[in-house]
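Asks: The structure that follows is given in the form of structure tokens.
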Amino acid sequence: MNMKISTIILTTLVVSVFISSCYFDVEQELYPTNKCDVENMSFANDIQPLIKLHCQNCHSSNFASAGVILDTYAGVRSVVDDSSFLNSINHTGDAVPMPLLPNAKAPQCAIDKCEEWVKDGAKDN
Amino acid sequence: MLERISKLTLIILCLAFALSGFAQSEDVPKTVEQTFYTTRIINSHSTETIDKKTLDFRINHRFGALSGGAYEFFGIDRAMMRMGFDYAISDDITLGIGRSTFEKTFDAFAKYRFLRQYEDKDDKHPISMVWVSGVSLNSLRWADRDRENYFSSRLSYSHQLLIARKFNKKVSLQLMPTLVHRNLIDSTQFSNDIFAVGGALRYKIMPSLALNVEYFHVIPGQIGEQFTHPLSVGFDISTGWHTFQLHFTNATGTFEEGFIAQTSNRWDKGQIHFGFNISRQFHLGGY
């Protein structure tokens with residue numbers, strides 16, 4: 001009987017915690033002014049932080065998976081020049097789709113920023 | 001919507017306790033054991049629970065996609081894993097925690113078996129039923145640190161009713177109506193609540209070898225088009241205290257929100273992952 005009461009209390013507690021912390025947020029509504037700004041992309045300020053977040057776990061000087069090094073401008077430039085950079089992040093062409101795990105694309109805004117930077121000449125700015 | 005979930009949860013809980021009371025009030029023979037070899041079928045929970053005061057150390061490992069070819073050694077060069085500890089506070093209640101490399105996620109769950117299948121002649125207790133609720137916390141760095149980010153946006157929940165029947169020594173089936181709730185989603189096109197129905201089959205080939213198939217059908221229109229239904233096929237190899245599970249799956253998530261709402265790989269494109277689960281149990285409270 002005691003076991004049963006403790007079970008009921010435990011279940012009620014778990015359910016209350018779960019329900020009280022339920023939110024129905026949508027990014028579009030939570031951040032309505034959050035537009036993707038792709039003007040004047042800078043390698044150091046805009047592109048490098050994105051590459052660090054999405055790519056450098058596997059592609060750095062210390063851990064150059066598939067020989068790709070993305071923590072230097074020269075390394076990034078080489079994959080931009082052979083087109084594998086944009087093909088990988090857009091999941092197009094023959095390049096291996098990236099990020100590989102969990103095999104989902106980076107956010108569209110990050111992809112748009114990289115495309116704009118490449119279109120502007122992929123400068124080291 | 002919140003009210004609807006509360007009502008639904010309440011009704012299911014009432015039903016659960018009513019059914020468990022019913023089961024205990026009857027004078028019935030032996031319970032059916034080993035509907036499945038272990039507490040997980042492949043990705044999902046099974047109706048099996050571990051014994052009271054047992055600690056179960058589990059590693060769920062998923063390699064990269066076979067479609068990576070010889071260069072990626074058919075996926076072996078890549079790996080994702082979940083490491084977790086399950087602990088049984090009673091024979092019917094298990095609590096668990098885990099950490100997955102998938103989106104650097106921490107997760108916790110509570111599992112309660114409230115109805116058991118019995119070996120009675122007139123088949124009055126034909127099924128086992130288990131309730132599993134889980135919470136997962138995505139600990140990735142915020143994509144945009146300049147905006148106001150909320151801790152609640154990191155959380156997702158899952159609630160499952162597992163209904164299983166062992167038909168004979170070889171065949172067991174399990175049905176898994178599931179609700180996954182995500183606190184934050186990208187777009188109003190999608191839904192914070194995701195309803196899915198899962199099904200699983202266990203077919204015992206030899207005394208210590210079984211074939212498992214597990215599939216979740218996500219009701220369409222709730223998640224992005226890039227996501228699909230997780231399908232997994234695998235083998236259980238039981239060696240007493242150890243159970244090895246080897247499988248092929250298109251899911252890389254190793255917790256409910258991950259594999260039900262975020263499976264983007266497809267079997268028809270060869271994006272299949274080889275993986276294994278290893279379980280080691282430790283008795284902490286004597287016999």
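The values are calculated or read from the model by the stated rules, or taken from the named source; none is laboratory data. Since we're looking at a predicted model, the values are computed, not measured. Cβ: placed from backbone, ideal geometry, glycine included. Neighbour counts: every protein chain shown.
Asks: Restricted to the range B:102-130, and to residues that are out of contact with any Leu (no Cβ under 8 Å at 6 or more places or on another chain) and not basic (Lys, Arg), which residue is nearest to B:Lys169 (Cα to Cα)?
Replies: Among them, the one singled out is B:Glu119.
Asks: Residues being within 17 Å of B:Ala261 (Cα to Cα), within 11 Å of another protein chain (Cβ to nearest Cβ), of a type in the set (D, E, K, R) and surrounded by 21 or more Cβ atoms within 10 Å (Cβ to Cβ): count how many of those fall in the range B:104-121.
Replies: The number of residues fulfilling the criteria is 0.
Asks: May I ask you to list the residues in the range B:264-280 that are crowded, with 20+ Cβ neighbours inside 10 Å and either away from every other protein chain (no Cβ under 12 Å) or within 18 Å of B:Phe106 (Cα to Cα) (or both)?
Replies: Selection gives B:Gly275, B:Asn277, B:Ser279.
Asks: Could you list all residues from the range A:50-68 that are exposed (fewer than 13 other Cβ atoms within 10 Å of the Cβ) and either within 15 Å of B:Trp142 (Cα to Cα) or not small (Gly, Ala, Ser) (or both)?
Replies: Matches in the range A:50-68: A:Asn62, A:Phe63.
Asks: Kindly indicate whether any position in the range B:45-57 is at positive phi and buried (at least 21 other Cβ atoms within 10 Å of the Cβ).
Replies: Among the residues of the range B:45-57, not one is at positive phi and buried (at least 21 other Cβ atoms within 10 Å of the Cβ), which makes the answer no.
Asks: Related question: Among the residues of the range B:53-63, is there at least one that is more than 14 Å from B:Phe248 (Cα to Cα), basic (Lys, Arg) and within 13 Å of chain A (Cβ to nearest Cβ)?
Replies: no
Asks: Run down B:Arg165, B:Arg113, B:Arg147 and say which single residue is in contact with a Phe, Trp or Tyr (Cβ under 7 Å, 6 or more places away or on another chain), on the phi < 0 side of the Ramachandran plot and of a type in the set (D, E, K, R).
Replies: Unique residue meeting the criteria: B:Arg147.
Asks: What are the residues in the range B:78-101 that are of a type in the set (Val, Ile, Thr) and either over 15 Å from B:Thr39 (Cα atoms) or assigned to a loop (DSSP other than H, G, I, E, B) (or both), if any?
Replies: B:Ile89, B:Thr101
Asks: Let me ask something additional. What are the residues in the range B:102-138 that are at pLDDT 90 or above, out of contact with any helix residue (DSSP H, G or I) (no Cβ under 7 Å at 6 or more places or on another chain) and not in a strand (DSSP E or B), if any?
Replies: Within the range B:102-138, B:Gln117, B:Pro126, B:Ile127 meet the criteria.
The rows are residues; the columns are (1) farther than 20 Å from B:Glu119 by Cα; (2) at pLDDT 95 or above; (3) more than 13 Å from the chain's Cα centre (by Cα).
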| position | (1), (2), (3) |
| --- | --- |
| B:Leu140 | yes, no, yes |
| B:Asn149 | yes, no, yes |
| B:Ser153 | yes, no, yes |
| B:Gln160 | yes, yes, no |
| B:Arg165 | no, yes, yes |
| B:Asn168 | no, no, yes |
| B:Ser172 | no, yes, yes |
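Asks: Please enumerate the residues belonging to the range B:46-66 that are among the aliphatic types (A, V, I, L, M) and over 23 Å from B:Leu201 (Cβ atoms).
Replies: B:Leu55, B:Ile59, B:Ala65
Asks: Are any residues in the range B:122-159 without any contact (Cβ under 8 Å) to a residue 60 or more places away in the chain, more than 10 Å from chain A (Cβ to nearest Cβ) and closer than 18 Å to B:Arg99 by Cα, and if so, which ones?
Replies: The answer is B:Leu137, B:Asn138, B:Ser139, B:Arg154.
Asks: Within the range A:46-125, considering only helices (runs of 4 or more DSSP H) that don't extend past its boundaries, which have at least 3 residues that are away from chain B (no Cβ under 14 Å), under 19 Å from the mean Cα position of the chain (by Cα) and without any contact (Cβ under 8 Å) to a residue 60 or more places away in the chain?
Replies: Fully inside the range A:46-125 and qualifying: A:73-81, A:84-90.
Asks: Starting from residues that are surrounded by fewer than 16 Cβ atoms within 10 Å (Cβ to Cβ) and not in a loop (DSSP other than H, G, I, E, B), keep the ones in the range A:31-45 and report whichever is nearest to the other protein chains (Cβ to nearest Cβ).
Replies: So, considering only residues that are surrounded by fewer than 16 Cβ atoms within 10 Å (Cβ to Cβ) and not in a loop (DSSP other than H, G, I, E, B), the one nearest to the other protein chains (Cβ to nearest Cβ) is A:Asn45.
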